[in-house]
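**Student:** Below is one structure. I have some questions about it.
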Amino acid sequence: MDKTKRICLWSGPRNISTALMYSFAQRKDTTVVDEPLYAHYLTSTDADEYHPGAEDVIADQHNDGERVVREVILGDYETPVVFFKHMTHHLVDLDWSFMKDTINLILTRDPRDMLPSYAKQVNQPAMRDVGYAKHLELLEYLQSIGQQPMVIDSKQVLMDPKGKLTEICHGLGIPFDEAMLSWEAGARPEDGVWADHWYHNVHRSTGFKPYTPKTEPFPEHLKELLKECQPIYHRLIGKS
């Protein structure tokens, strides 16, 4: 019987998912894995045409998503807990039934905060890039197979890291570890090859930064996408 606790964090981009991965990496009982389905996503769509560093990702990872599921997500590990950081929009052309064998969390963020941050790397993002619709599809799928995944709002983690991490760990059936609240600045060996393009802020951090609302005007070219994302975000976090 497989006793490995496989935690899949399904996130959108720019959602403190890397900080959460760094947090779980501080646990002695946990192995962390960074976005194992990224190359699969790039080779299954045309996203390789505009994602920074796409050629390096495709060369570095298995491109076959089903192989990644078999050998990485459902593979063997020496630690009793494995934490997989995923982007929800990477779930293309895959059989999702492997999630019956994983504990699944959904991480979201207010699109008013997320979209301007993401557009600094991808100037003209579309819904498929930012993951909100896929989040909702994933939530409905997980509920259809009898799971009730925790939906985490990144803002709540930043406002109370210890309290929220304690709640998350309780939901996962693992004890909270104080070590999860801080880490050394700089890169980690588990970082994907895309870290140079995306991880500048987390590499400068030593813990969860306090939440600060954005003050600059919302970019005009993102307003239509914001209209699409906001109602989905509110459904995800339980607002009407």
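Each value in this text was obtained by applying a stated rule to the coordinates, not by laboratory testing. Keep in mind it's a predicted model, so treat the numbers as computed, not measured. Reconstructed Cβ throughout: ideal geometry from the backbone, glycine too, with neighbour counts over all protein chains shown.
**Student:** Neighbour counts of other C-beta atoms within 10 Å: give me C8, C229, C169 arranged from fewest to most.
**Tutor:** Going from sparsest to densest Cβ surroundings: C169, C8, C229.
**Student:** Okay, next question. Roughly speaking, what is the stretch gain from E140 to W96, that is 0.36 nm per residue apart minus the C-alpha to C-alpha distance, in nm to one decimal?
**Tutor:** Stretched out fully, the E140 to W96 stretch lengthens by 14.6 nm.
**Student:** I'd like the FRET efficiency for E49 and Q147, computed as 1/(1 + (r/R0)^6) with the beta carbon distance as r and R0 of 25 Å, rounded to 0.05.
**Tutor:** E between E49 and Q147, to the nearest 0.05, is 0.10.
**Student:** If I model a spin label at T4 and K214 as a point 7 Å from the Cα along the Cα→Cβ vector, what separation in nanometres do I get?
**Tutor:** Distance between label points: 3.8 nm.
**Student:** Please list the non-local residues whose amide H lies under 5 Å from the amide H of V81, H modeled 1.01 Å from N, same-chain partners needing a gap of 5 or more.
**Tutor:** Placed amide hydrogens put K5, T31 under 5 Å from V81.
**Student:** What value, in deg cm²/dmol to 500, does the helix sum -39500 (n - 2.57) over DSSP H runs of n ≥ 4 give at 222 nm once divided by the residues of the chain?
**Tutor:** -10000 deg cm²/dmol
**Student:** Distance from a point 7 Å along Cα→Cβ of D60 to each backbone N in segment 1-20: keep the residues under 20 Å and list them by number.
**Tutor:** From segment 1-20, the list is 9-20.
**Student:** If the elastic network links every pair of Cα atoms under 10 Å, which of A119, A133, A59 fluctuates the most in the Gaussian network model of the chain?
**Tutor:** In this elastic network of the chain, the residue with the biggest mean-square fluctuation among A119, A133, A59 is A59.
**Student:** Of K5/K155; K85/K227; K100/K134; K85/K223, which ones are farther than 22 Å apart at the Cα?
**Tutor:** K5/K155; K85/K227; K85/K223
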